[in-house]
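S.K.: Mind having a look at this structure? Questions to follow.
Each reported figure results from applying straightforward, stated rules to the coordinates on display, with no laboratory input. Note that the structure is predicted; figures quoted are calculated from it, not measured. Glycine also receives a Cβ, built like all others from the backbone with ideal geometry; neighbour counts cover every protein chain displayed.
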Amino acid sequence: MSSVVVKASGLVKSFNGMRALDGMDLEVPQGSLYALVGANGAGKTTFFSIVGGFLRPTGGSVEVLGHTAPEGGALRGRLGMLPQDAAFLAGVPVLEQLVFCARLQGFDASGAHAAALQALDSVGLADVAQRNPRALSHGMLKRVALCQAFLGNPEIVFLDEPTAGLDPETARRVRALVREWGGKRTVVISSHNLAELQDLCTHVAILHRGRILSAGSMEDIAFAGCHYRCAFDGAVDEPMLLALRSLAEVASADVVAGELQIRTAAGVARNDAAAAILRCLLALGRPPRKFVEGVSLEHRFLEAIGGQSDGLGGS
């Protein structure tokens, strides 16, 4: 069983009597790509700021790699952080600023220079090392900020909105980098792009008004109940619904917002349910044009906070 590398226990942070974190409890397993989701004001950035040592908690505690945060330089070089609005100084070459960040992480002069060059190369921006940040596009700056968070070899990295405002191709490249780097360390990601997080992350926690409402593996959160969503050429007719409902593996089959939604019977293995459903549809001569397993993270999020979602969420 993976060890816990981040543990928040009854974490409280108040601002002028208002609680941004209200007894937050969270455990992040080692090696996970962990999504922290919540609406604006839920407390995500406040939590990241406490972990990074920028804020001190009002009550409770949070431990990172066995150290109480914030705790001086105990986590220097072991923790990386990408703030939501990471900025670079105008007029100072990118490489020089990354070298400075590496020195803050504990590198000596030569090691910092090598780490900065390696980081730029890893995001495909080795050729911008001597350029002014003002000369870089928003997407390039985001990638530079991302490599800053991964300077050296941190054991855990916190990313606040890493793909916000990026074009689709740059966002895809950033996701690929996070997925690649995440296999070697623990990464905690905060984002409003729930579909992206569902595809990228292994674990998720839903934060609402400073408290964790639901947390666990993405498998447990998104696929609990083993739902399927299907789309076809043409309408879903009554014979199809009756055939599906007659299967022992199916608890219900209904059309919601023009989409066939199937809930499987309790205790049925996912592979067995999928195979039975597909066999039935193929026997009817109605192969699905879309066959999606699980509910959307958006649906689970809205369900947890008491919001509403149409059907089982988006594609």
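S.K.: Return a yes/no flag: does the stretch 209-229 have any residue that is under 19 Å from LEU36 (Cα atoms), touching a helix residue (DSSP H, G or I) at 6+ places or on another chain (Cβ under 6 Å) and not aliphatic (A, V, I, L, M).
M.R.: Yes, some residue in the stretch 209-229 is under 19 Å from LEU36 (Cα atoms), touching a helix residue (DSSP H, G or I) at 6+ places or on another chain (Cβ under 6 Å) and not aliphatic (A, V, I, L, M).
S.K.: For ARG103, indicate whether it is farther than 22 Å from VAL5 by Cβ and of a type outside the set (Gly, Ala, Ser). Working first, answer last.
M.R.: Details: farther than 22 Å from VAL5 by Cβ: yes; of a type outside the set (Gly, Ala, Ser): yes.
Yes, satisfied.
S.K.: Among the strands (runs of 3 or more DSSP E) contained in the stretch 216-306, which hold 1 or more residues that are on the phi < 0 side of the Ramachandran plot and surrounded by fewer than 17 Cβ atoms within 10 Å (Cβ to Cβ)?
M.R.: In the stretch 216-306, the matching strands (runs of 3 or more DSSP E) lie at 227-231, 250-256, 290-293.
S.K.: Something else: Would you mention how many residues in the stretch 102-119 are under 23 Å from THR163 (Cβ atoms) and surrounded by fewer than 21 Cβ atoms within 10 Å (Cβ to Cβ)?
M.R.: 1
S.K.: Now a separate question. Assigned to a helix (DSSP H, G or I), surrounded by fewer than 20 Cβ atoms within 10 Å (Cβ to Cβ) and touching a residue at least 60 places away in the same chain (Cβ under 8 Å): which single residue out of ALA171, ALA176, ALA195, ALA164 fits that description?
M.R.: Result: ALA195 is the single residue among ALA171, ALA176, ALA195, ALA164 that is assigned to a helix (DSSP H, G or I), surrounded by fewer than 20 Cβ atoms within 10 Å (Cβ to Cβ) and touching a residue at least 60 places away in the same chain (Cβ under 8 Å).
S.K.: Considering only the stretch 66-107, state which residues are free of Cβ contacts under 8 Å to residues at least 40 places away in the same chain and among the hydrophobic types (A, V, I, L, M, F, W, C).
M.R.: ALA69, ALA74, LEU75, ALA87, LEU95, VAL99, PHE100, LEU104
S.K.: Does at least one position in the stretch 218-239 carry a residue that is under 14 Å from the mean Cα position of the chain (by Cα) and free of Cβ contacts under 8 Å to residues at least 60 places away in the same chain?
M.R.: yes
S.K.: Oh, and also: Among the numbered criteria (1) free of Cβ contacts under 8 Å to residues at least 60 places away in the same chain; (2) out of contact with any Lys or Arg (no Cβ under 9 Å at 6 or more places or on another chain), which single criterion is violated by VAL51?
M.R.: Condition (1) is where VAL51 drops out.
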